[in-house]
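The structure appears below as structure tokens.
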Amino acid sequence: MLSVRQGLPWRVSLSVGLATTLVLAFCLFAFKAHPHTTHISLSVSIDVKHPGSAVPTKFLGLSFEMSSLRRIARYGDHGNLVGLLRSLGPGVLRFGGVSVDTEVAWTDHATRLPDWSSKSLDLNELYELHTLAARSGWRILLTVGLAHYEPRAAAREAAAAKRALGGWLMGIEIGNEPDAYARHGLRSPPWTVSEYEAQIVVYRRAIERAAPGLPIVGPDVSGSLIFDSWGRGAALHDRPAMLTGHHYPLGCRSVPPPTIARLLSPTIRRAEDVSLHRYVAVSRRGGIGFRLDETNSVSCGGTAGISDRFASALWAVDYIAHAMAAGVSGINLQGNPANCAGYTPLCAPSARSLSRGALVVHPEWYALLMTKALIGDRPLPTTVSNGNANIDAVAFLARGKRLHVLIVDDALSGAKPVFIQLRTGRRYRHATVLTLSAPSPSTTSDVRLGGQVDERDGGWHAPKQVELRANRNGTVTLDVAGASAVLVTLVP
């Protein structure tokens, strides 16, 4: 039972039985000052008999603008980025963004810097990137420009990347959000998927001649709405090694404007589930894996007061878990190490720190650390229904027949704590809990995972989980603060 009284904590009951479907029932009671009682219920059903495929080892990732590659590559031999990446285990670094089509161009002895570019990329920087990849254990996904239609230069760049990065190169992406080229003045309208595919064919042939066997991924669309045509076309005609696309739940110029309340709303969660379904449906029909290679809270680099706050960590931990459950192959959180006010898991607080590679973690980094525990798990069909409370849950089958239940309370500031009872019965009589918390959704500091604050040098130690034991009736109890996330591990 989950009861809410004025001045008292909420109470949640999660019933875990031996049946095929585990029903975790949240019952919320709101008692008012007068005798009348309002009853609201929230139920979560978990199907333990139909687990999905295991979450891939390199599921987690970061994405950066191509204009940041030179700086980030040099962090391979100084600064704390290597240690920070290692703390997450194996992952994927993706370099792309709008700058790949508007700012950065490849240059070598046969390729002069074009007039449209303001920055260059060369072989030496790719060798520096190799050092970062090898020391961190993270593979590289590299984007080549398409907007200016230079297939020969793209092929030389791809060949150089293959030579410099070797096995650390996961693949080459052709163009960033090519479906939006006409909107951004990079192609004359109408700009259709057929015209795109005709140009991709030329690029692919040039790259194959220069770098035989190099995996090509795409189409790297701006959102799931366009994916049914662009993604399906890519799967049918181009047969990329992996399908890719982007997601931003809120737009920087949207009306009404972005807010923390909107970011953490059930409306956004429902829309994101629909978006994930669109992506994965095309992926499954085509028999090609899909990676969300660029995503974050608010488009256009993020919004200060939202993207840099603890609310972004609550959004990220829930969205990452839902992407895992949907069958996505991986996810890359977009960031900018030079901008601590926007969206970014890592950044440098000063120009001196940026040059030294002395990065600090921002709230979203903790979401990556928390969901790291779900790597290798098999998602379980989880249904949350019949409730008005802003609480979400996703379940996974872990190794050793353990059960992971991630519970995210997206309540806003001032929310009362939640008292949870897990009626585990005879199957599970032991549990641990890992908590992600902060003073409020709008804070930027004192974010804690398992009661710990991440060490800035990257020397993260696995946070201590609180051990819980069932009482004689087979019930495990714990308190969950409002606006926090908990990962409960039930052990047989």
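When the chain is described by a simple charge dipole with +1 on each Lys and Arg Cβ and -1 on each Asp and Glu Cβ, the residue from LEU314, LEU397, ALA134 located farthest towards its positive end is LEU397. What share of all Cα pairs of the stretch 178-318, in percent, falls into each consecutive 5 Å distance bin? All Cα pairs considered, the percentages come to 2, 9, 17, 18, 17, 15, 10, 7, 3, 1, 0. Compared with the alpha-carbon gap, the fully stretched path from ASP47 to VAL201 is longer by 51.1 nm at 0.36 nm per residue. Residue-normalised convex hull volume from the C-alpha trace of the chain: 145 Å³ per residue.
With 29 Å as the limit, the listed pairs LYS49/LYS416; LYS119/LYS372; LYS119/LYS162 have LYS49/LYS416; LYS119/LYS372 beyond it between alpha carbons.
If R0 is 45 Å, the Cβ-Cβ spacing of GLU208 and ASN473 corresponds to a FRET efficiency of close to 0.10.
Of VAL360, LEU434, VAL298, which is farthest on the positive side of the dipole of the chain, counting Cα position, with +1 on Lys and Arg Cβ, -1 on Asp and Glu Cβ, and the Cα centre as origin? Looking along the dipole axis, the top candidate is LEU434. For TRP116 and THR57, the difference between the fully extended length at 0.36 nm per residue and the C-alpha to C-alpha distance is 17.3 nm. Its Cα centre serving as origin, the stretch 60-378 has a Cβ charge dipole (Lys and Arg +1, Asp and Glu -1) of approximately 440 debye.
On C-alpha positions alone, give me the angle between the axis of helix 310-326 and the longest principal axis of the chain, in degrees, nearest 10. The angle comes out near 80 degrees. Using the rule -39500 (n - 2.57) for each DSSP H run of four or more residues, divided by the residues of the chain, the 222 nm mean residue ellipticity is -7500 deg cm²/dmol. What net charge is computed for the residues neighbouring LEU380, neighbours being all others with C-beta under 13 Å from the C-beta of LEU380, Lys and Arg scored +1, Asp and Glu -1? So the environment of LEU380 carries a net charge of +2.
Note on HIS430 and THR383: the model spin-label points, each 7 Å out from Cα along the C-beta direction, lie 3.4 nm apart.
For SER484, the residues whose modelled amide H falls within less than 5 Å of its own, excluding neighbours fewer than 5 places apart on the same chain, are ASP409, ALA411.
Restricting the calculation to Cα atoms, the stretch 241-316 shows an Rg/Rh of 1.02 when the hydrodynamic-style radius is the Kirkwood one.
At R0 = 35 Å, how high is the FRET efficiency between ARG356 and ARG163 if r is their beta carbon distance? Nearest 0.05 is fine. My answer for the efficiency is 0.75. Identify the residues of the stretch 143-185 with backbone N under 13 Å of a label point that sits 7 angstrom from the Cα of ASP108 along the Cα-to-Cβ direction, or state none. Under 13 Å, as judged by backbone N against the label point of ASP108, lie 152-166 of the stretch 143-185.
Of the residues HIS237, THR259, TYR196, the one whose Cα sits farthest towards the positive end of the charge dipole of the stretch 192-269 is THR259 (charges of +1 on Lys and Arg Cβ, -1 on Asp and Glu Cβ, taken about the Cα centre). For the chain, the share of DSSP beta bridges that are antiparallel, to the nearest 5, is 55%.
The length gained by stretching the chain between HIS148 and VAL274 to full extension, at 0.36 nm per residue less their Cα-Cα distance, is 42.0 nm.
Read the figures in this text as sums done on the coordinates, not as results from a lab. If you're wondering where the values come from, they're calculated on a predicted model, not measured in any experiment. Every residue, glycine as well, gets a Cβ built from its backbone with ideal geometry; the counts of neighbours run over all protein chains shown.
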